[in-house]
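Read through the structure below, which is laid out as structure tokens, and then see the notes.
The values are calculated or read from the model by the stated rules, or taken from the named source; none is laboratory data. Bear in mind the structure is a predicted one, so any value in this text is a computation, not a measurement. A quick note on method: Cβ atoms are made from the backbone with ideal geometry, for glycine too, and the neighbour counts reach across all protein chains shown. To get the accessible areas, we keep the full protein, side chains included, count just its heavy atoms, and leave off ligands, DNA and RNA. Shrake-Rupley method; radii C 1.70, N 1.55, O 1.52, S 1.80 Å.
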Amino acid sequence: MSVVHQLSAGWLLDHLSFINKINYQLHQHHEPCCSKNEFTTSVHFESLQMDSLSSSGACAAFIASDPTTKPENGDGGNYEMFTQKFVFRPELFDVTKPYITPAVHKECQQSNEKEDLMNGVKKEISISIIGKKRKRCVVFNQGELDAMEYHTKIRELILDGSLQLIQEGLKSGFLYQLFEKQDKCSKPITLPLDTCNLPELCEMAKHLPSLNEMEHQTLQLVEEDTSVTEQDLFLRVVENNSSFTKVITLMGQKYLLPPKSSFLLSDISCMQPLLNYRKTFDVIVIDPPWQNKSVKRSNRYSYLSPLQIKQIPIPKLAAPNCLLVTWVTNRQKHLRFIKEELYPSWSVEVVAEWHWVKITNSGEFVFPLDSPHKKPYEGLILGRVQEKTALPLRNADVNMLPIPDHKLIVSVPCTLHSHKPPLAGKRGGLQKMTLVLTSS
């Protein structure tokens, strides 16, 4: 997980470092240069920034050239191999100040509780909101009251555990006070307007005619294959079994596929190719687009209903004793749905609840901890598949480790929307799958 510090409370992670360790390298073969001019041209190209190489400018900020010459062809000649190394844009993790400062939060709201929430008899909370001309009384609904009660229960865990990890980060220099990095004050980050087109592609895939099982066969990317089109990638699992990164182009945008990885480009209603893949997974991570008020108002993206989420064929994809991890918002309705409906329907037992705490580079919460609107944390519900099958564990030497409860993952968030921190560990022999569920 690119752990910077580990304490009993949890982990302080370096998300950027984790991405850059994935080995985003392209290897290209070239004939020997006939003149110095040809080599100079190649080096000049390698020094260019490659923001256009990824959706939303996330990957591939700089490329380094590493030309080597090796004997290869049957004529006894040599070829030159150029290695292009891609790294994530570091400015996308440059969160130097909170999104809302505690001072502004305090000035904008004064809370006056009329009854004791913990006694369970509270029906309303009056809040005096400082405005220019008037004050108004806000009555919270039951869902908001449930969220406040939940926050009260976990507040001490979040605060104490985060502060311990933040102190370690400040001591080691991974986190820093703002005055120590004055040179980091730069222009605001501007993201490209042509953001990721994957939702549109998934929507397009949903309307394609059904394919038979033979047409669902896996597509393996080969060396320098430039003939692959969007239609070739729809409704089939695409694999990169090589030790190097591959580049694929979708709707004019280029994407990096890491080594030893695979993906399915499809709508959630068309997951048969994944079932035809005939593989099961030891770890499955799900990140659904949950319904909430801001999404409804802004119409930024569509969301999945509880029924749609329940239809994901987890029982057919999960290996025996599979660990299932689901990202969830702080809305109590969603938390109860996972614990009381979703996991039981998949024969999954809840084993732990963790929290991701989002901080700035200087160790401040990105939102005030007690903000009634947005919290600086969100949850992960971890469960273990209980249904027994005749299939053995993928690696008999891998023992099931107990999953600790109430752990914190503390990290600086990426400024791109909904980019979650890494959960991958160093254990080998496990098949891992991440379901990033998007709706167009």
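Within region 386-408, work out how many residues are acidic (D, E), exposed (fewer than 12 other Cβ atoms within 10 Å of the Cβ) and modelled with pLDDT under 75.
So the answer is 1.
Would you mind stating whether K187 is part of a loop (DSSP other than H, G, I, E, B) and at pLDDT below 90? So that I can check it myself, show each step before the final result.
Details: part of a loop (DSSP other than H, G, I, E, B): yes; at pLDDT below 90: yes.
Here the answer is yes, as K187 does meet what is asked.
Among the listed residues V285, V328, identify the single one that is touching a strand residue (DSSP E or B) at 6+ places or on another chain (Cβ under 8 Å), among the β-branched types (V, I, T), open to solvent by 10 Å² or more (accessible area, probe 1.4 Å) and in contact (Cβ under 8 Å) with a residue 40 or more places away in the chain.
Testing whether each residue is touching a strand residue (DSSP E or B) at 6+ places or on another chain (Cβ under 8 Å), among the β-branched types (V, I, T), open to solvent by 10 Å² or more (accessible area, probe 1.4 Å) and in contact (Cβ under 8 Å) with a residue 40 or more places away in the chain leaves just V285.
For region 157-166, enumerate the residues that are loosely packed, with under 15 Cβ neighbours inside 10 Å and not hydrophobic (A, V, I, L, M, F, W, C).
Matches in region 157-166: D160 only.
Since N73 meets every condition but one in (1) at pLDDT below 85; (2) open to solvent by 70 Å² or more (accessible area, probe 1.4 Å), which condition does it not meet?
(2)
Out of the strands (runs of 3 or more DSSP E) lying entirely within region 259-348, which hold 3 or more residues that are under 26 Å from P404 (Cβ atoms)?
On the way: elements: 261-264, 281-287, 318-328.
Result: 281-287, 318-328.
Identify, by number, the condition in (1) at pLDDT 85 or above; (2) assigned to a loop (DSSP other than H, G, I, E, B); (3) open to solvent by 90 Å² or more (accessible area, probe 1.4 Å) that L175 doesn't meet.
(3)
To keep it simple, each residue is scored yes or no on (1) among the hydroxyl-bearing types (S, T, Y); (2) within 29 Å of L16 (Cβ to Cβ).
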| site | (1), (2) |
| --- | --- |
| S269 | yes, no |
| N276 | no, no |
| P315 | no, no |
| L342 | no, no |
| E353 | no, yes |
| E364 | no, yes |
| P368 | no, yes |
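Based on what the data block shows, is E349 surrounded by fewer than 20 Cβ atoms within 10 Å (Cβ to Cβ), touching a Phe, Trp or Tyr at 6+ places or on another chain (Cβ under 9 Å), among the acidic types (D, E) and under 30 Å from K21 (Cα atoms)?
Judged against the criteria, E349 is not a match.
Could you figure out which of (1) surrounded by 15 or more Cβ atoms within 10 Å (Cβ to Cβ); (2) modelled with pLDDT of 85 or more; (3) within 19 Å of P315 (Cβ to Cβ); (4) polar (S, T, N, Q) isn't true of S411?
Going through (1) surrounded by 15 or more Cβ atoms within 10 Å (Cβ to Cβ); (2) modelled with pLDDT of 85 or more; (3) within 19 Å of P315 (Cβ to Cβ); (4) polar (S, T, N, Q) one by one, S411 breaks only (3).
Is it the case that L257 is open to solvent by less than 30 Å² (accessible area, probe 1.4 Å) and of a type in the set (A, V, I, L, M)?
Answer is yes for this residue.
Can you confirm whether L274 is modelled with pLDDT of 85 or more, in contact with a strand residue (DSSP E or B) (Cβ under 9 Å, 6 or more places away or on another chain) and within 25 Å of L307 (Cα to Cα)?
Working: modelled with pLDDT of 85 or more: yes; in contact with a strand residue (DSSP E or B) (Cβ under 9 Å, 6 or more places away or on another chain): yes; within 25 Å of L307 (Cα to Cα): yes.
Yes; evaluated as a whole, the condition is true for this residue.
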